[in-house]
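Structure record follows, encoded as structure tokens.
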Amino acid sequence: MTTPRPYHHGDLRRAVLDAAVDAITEHGPAGVGLRDLARRVGVSHAGPVHHFKDKAGVLTALAAEGFGLLADALDATVALGGDMVELGAAYVRFAVDHRAHFEVMFRPDLYRGDDPALVEARDRAGAALAGGVADRPDPELARVAAWSLVHGFATLWNTGALSHADRDPVAMVRAFAGSMFLT
């Protein structure tokens with residue numbers, strides 16, 4: 001005999017997003033499916049559809065949440081007087097600590113890039129990063145270089161492509177970013 005599924009769920013939207021983080025952690029973004037997410041949170045397969053419509057809706061919400069979390073981390077770093085290197089360290093810390101979000105945020109093929117919440121959060125994170133290089137002779141070039149450096153490092157770290165797993169990724173990025181960007 002099967003147990004009936006509850007009709008109401010406390011905070012189904014949050015539960016589905018948390019389940020999506022778990023699914024991405026286990027199988028990557030390709031492993032996210034609405035039926036699996038519904039099963040994980042114990043609701044009918046129509047439950048997630050009510051909040052997100054489809055898989056792209058779930059991933060859009062997850063990317064928006066990720067950009068918001070990243071913006072918060074970067075803003076906190078700036079508020080503490082953090083320089084360009086500390087912004088890079090905060091970026092890498094975010095990527096390591098919120099790997100599932102990070103894997104979705106930079107895959108615009110997975111979500112709706114024109115979603116207002118996503119655009120606002122992405123712009124806020126971008127502004128915090130850009131503020132870290134505003135004093136450079138060519139701020140746009142410095143922004144691209146700094147972002148490429150920390151994003152590439154974070155991606156290499158998260159995928160296991162680096163052979164330094166016994167080291168602290170934040171300390172590593174501080175060391176090499178400091179040697180490259182501080183004058």
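Couple of notes before you dig in:
- Conditions (1) in contact (Cβ under 8 Å) with a residue 24 or more places away in the chain; (2) open to solvent by less than 20 Å² (accessible area, probe 1.4 Å); (3) hydrophobic (A, V, I, L, M, F, W, C); number of the one not met by Ala117: (2)
For (1) more than 27 Å from Gly31 (Cβ to Cβ); (2) without any contact (Cβ under 8 Å) to a residue 12 or more places away in the chain, each residue gets a yes or a no:
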{"position": "Leu74", "(1), (2)": "yes, no"}
{"position": "Phe94", "(1), (2)": "no, no"}
{"position": "Arg124", "(1), (2)": "yes, no"}
{"position": "Thr159", "(1), (2)": "no, yes"}
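- Here Val85 fulfils each of the conditions (1) touching a residue at least 12 places away in the same chain (Cβ under 8 Å); (2) more than 20 Å from the chain's Cα centre (by Cα); (3) closer than 30 Å to Phe176 by Cα apart from (2).
- Filtered residues of segment 25-80 (kept if open to solvent by 40 Å² or more (accessible area, probe 1.4 Å) and hydroxyl-bearing (Ser, Thr, Tyr)): Thr25, Ser44
- Here Ala90 fulfils each of the conditions (1) touching a residue at least 60 places away in the same chain (Cβ under 8 Å); (2) surrounded by 16 or more Cβ atoms within 10 Å (Cβ to Cβ) apart from (1).
- Of all the residues in segment 126-157, those that are assigned to a helix (DSSP H, G or I) and free of Cβ contacts under 8 Å to residues at least 60 places away in the same chain number 17.
The values are calculated or read from the model by the stated rules, or taken from the named source; none is laboratory data. Note that the structure is a prediction, hence the values are computed from the model and not measured. We place every Cβ from the backbone using ideal geometry, glycine too, and count neighbours over all the protein chains shown. We work out accessible area using only protein heavy atoms, side chains counted, and drop any ligands, DNA or RNA first. Shrake-Rupley method; radii C 1.70, N 1.55, O 1.52, S 1.80 Å.
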